[in-house]
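Participant: This structure is in structure tokens; I'll ask about it shortly.
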Amino acid sequence: MNIVLKIFLSILIINSVLNAEEITNSANSTLTNISFNMDEDGNLNPYLFIPIYYGISKQFYSSIGYSSTNSQEVEVLDGFSDSKNAFVSSSKDLTINYITYIYSLFGYEVSTGIESTFSDVNNNEFGYIHDNNDFFGNGTDYYISFDNSIELDIQRHAIRADIVVPMGKYLTSRFFTSISPYTKIGVKQSTIFKPLVNETGVSSSSTVQDLSYTFRYDGLIKTGTFFDIALVAFYGYEPLKYDVAQLAKSGSNYIFETNEIDTVEVTSRYIAKLLFNVEVLGGLKPSIGYGIENLKRTNNTLGTTSSIDKTIVTFGFEKMF
């Protein structure tokens, strides 16, 4: 994402937050969400989605969304009992919904639109290895430090659609999907593995990805009391292919060579919320929720799968329907 676009989108986000009350006081504030997600590690991540409705009967809307995530893991490397491997990841996602049209189909409220998501992802893996088994052939008192930094610039362009399905007097549901036929990933990488390899490994590439998609279900149960119950389920499928510099052996020496990373990330998220029947900011309701998130990453090259689970606490202001 170039710097001009970053500045422009940042201004839009700040302006949206500062004028949230004015926006939600308009004829329709449905789908507006200003909230925070806190994970079990104490990371506090904002989530913002603000639509602006227009047209004679408010049958169109455009929106801007922003979210960020942070995570970190520390573990011992397989095969090296005296080692430490730290992985720190952060991402920032800006979503622009250019235009969405709301209409009636077989008596149900349906909407379709076009959107783009611009993501900045920074992954940093670093640590040390004590080669006490002489795996690298330099003795049992040989120490190696490594640091691998990867920056991903991801641009997704998608078609989105949803349908609202009332299920009786007390339950309303929305089924949502977003399908991205075109995604491009730009990569910048710098990696060291010293003193085993003297030079710094670098890689820079831009790759078009395979089809990705997301599904989401929103359900609202009206209790007739001072709070309602909301259920949110999310499923995201994203294949990732890009080139990186990796450690390899050439004769008796170690070098960096370029290899393709071919992985699939599947994210599942389930959250239950309480929405209190008190309107603020022109129609939004305070909410608090608790849920679980699972990230499953499959390495298609090695045929391996890893999984990360975390719990999430959410709180904020929103209007689901």
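Participant: Confirm whether Ser90 is free of Cβ contacts under 8 Å to residues at least 40 places away in the same chain, more than 30 Å from Ile56 (Cα to Cα) and either crowded, with 16+ Cβ neighbours inside 10 Å or touching a helix residue (DSSP H, G or I) at 6+ places or on another chain (Cβ under 7 Å) (or both).
Facilitator: Against the criterion (free of Cβ contacts under 8 Å to residues at least 40 places away in the same chain, more than 30 Å from Ile56 (Cα to Cα) and either crowded, with 16+ Cβ neighbours inside 10 Å or touching a helix residue (DSSP H, G or I) at 6+ places or on another chain (Cβ under 7 Å) (or both)), Ser90 qualifies.
Participant: Could you please let me know if Phe80 is in a loop (DSSP other than H, G, I, E, B) and touching a Leu at 6+ places or on another chain (Cβ under 9 Å)?
Facilitator: No, not satisfied.
Participant: Ok, one more. Where in the range 220-312 are there strands (runs of 3 or more DSSP E), lying wholly inside it, with at least 3 residues that are of a type in the set (Asp, Glu) and out of contact with any Gly (no Cβ under 9 Å at 6 or more places or on another chain)?
Facilitator: Ranges flagged: 227-250.
Participant: Filter the range 124-180 for residues that are on the phi > 0 side of the Ramachandran plot and surrounded by fewer than 16 Cβ atoms within 10 Å (Cβ to Cβ) and give the result.
Facilitator: Asp134, Gly137, Gly139, Gly168 - these are the residues of the range 124-180 that are on the phi > 0 side of the Ramachandran plot and surrounded by fewer than 16 Cβ atoms within 10 Å (Cβ to Cβ).
Participant: Residues in the range 105-121: is at least one loosely packed, with under 13 Cβ neighbours inside 10 Å, out of contact with any Asp or Glu (no Cβ under 7 Å at 6 or more places or on another chain), of a type in the set (Phe, Trp, Tyr) and on the phi > 0 side of the Ramachandran plot?
Facilitator: yes
Participant: Exactly one of these conditions fails for Ile292: (1) surrounded by fewer than 18 Cβ atoms within 10 Å (Cβ to Cβ); (2) of a type in the set (Val, Ile, Thr); (3) under 23 Å from Leu211 (Cα atoms). Give me its number.
Facilitator: (3)
Participant: Can I ask one more? Read through the list (1) modelled with pLDDT of 95 or more; (2) surrounded by 16 or more Cβ atoms within 10 Å (Cβ to Cβ); (3) hydrophobic (A, V, I, L, M, F, W, C); (4) closer than 28 Å to Phe317 by Cα, then give the number of the only condition that Phe256 fails.
Facilitator: The failed condition is (4).
The values are calculated or read from the model by the stated rules, or taken from the named source; none is laboratory data. Here the structure is a predicted model, which means the values were calculated and not measured. Cβ: placed from backbone, ideal geometry, glycine included. Neighbour counts: every protein chain shown.
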